[in-house]
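No lab work stands behind these numbers, since they all come straight from the coordinates. For clarity, every value in this text was computed on a predicted model and none was experimentally measured. Counting neighbours? That spans all protein chains shown, and the Cβs are built from the backbone with ideal geometry, glycine included.
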Amino acid sequence: MGEEANCNVAVAVVDPRLQGISDAIRVVPHFPKQGIMFNDITPLLLRPGVFKDAVDIFVERYRGMGIDAVAGIEARGFIFGPAIALAIGAKFIPLRKPKKLPGEVISETYVLEYGTDCLQMHVGAIEAGERVLIVDDLVATGGTLSAAIRLLERAGADVVECACLIGLPKFKECACLHSLLFASERWKDIDKSAVHY
């Protein structure tokens with residue numbers, strides 16, 4: 001009986017779409033500078049079926065979670081964020097670099113290896129208590145995501161999760177399948193004091 005029980009161990013089912021998505025992401029060495037291994041999602045965007053699979057996986061996770069808004073980080077968060085927002089019936093909030101949004105903005109400055117950067121959003125884009133999903137293409141150290149979380153929380157948002165297509169080694173252990181991190185870093189697991197992206 002004991003041996004039989006051991007044979008019934010649950011095996012994690014890997015979504016077959018993940019391999020195609022992983023295969024469509026090109027790694028470009030030494031771009032934009034020496035020592036950087038750049039994850040290029042452009043080939044994925046050129047394959048409509050694979051692009052749709054990527055968006056669908058996010059939508060399947062977030063539909064029914066009561067997400068009021070999807071906040072996309074400039075620039076590649078603008079690729080996935082609006083599609084996810086439309087599919088789950090949420091509004092889309094662009095989080096932009098300085099001097100890109102007209103009108104009154106709220107800002108969050110953060111430190112990078114080579115200086116500082118800043119994210120901004122329109123004042124009034126979010127209402128207190130609204131449930132927000134943050135979307136970007138990649139999480140490296142979490143610095144930019146941390147700044148986005150702080151910005152949205154200062155405006156009264158309830159940040160539910162940060163969803164990223166690609167995770168670099170620091171976060172590989174969280175939800176890695178075929179060397180691809182799909183979504184779903186709980187924002188609490190990201191060090192909000194992180195300063196590098």
* Asked: Mind ordering 50-60, 115-125, 65-75 by average Cβ neighbours within 10 Å, highest first?
  -> 65-75, 50-60, 115-125
* Between Phe31 and Leu45, with labels modelled 7 Å along Cα→Cβ, what's the label distance in nm to one decimal, could you check? => 1.2 nm
* **Histogram of C-alpha separations across segment 43-155, 5 Å bin width, %** => 2, 12, 21, 24, 19, 12, 8, 2, 0
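By average Cβ neighbour count within 10 Å, what is the ranking of 80-92, 34-46 from highest down?
Top to bottom by mean Cβ count within 10 Å: 80-92, 34-46.
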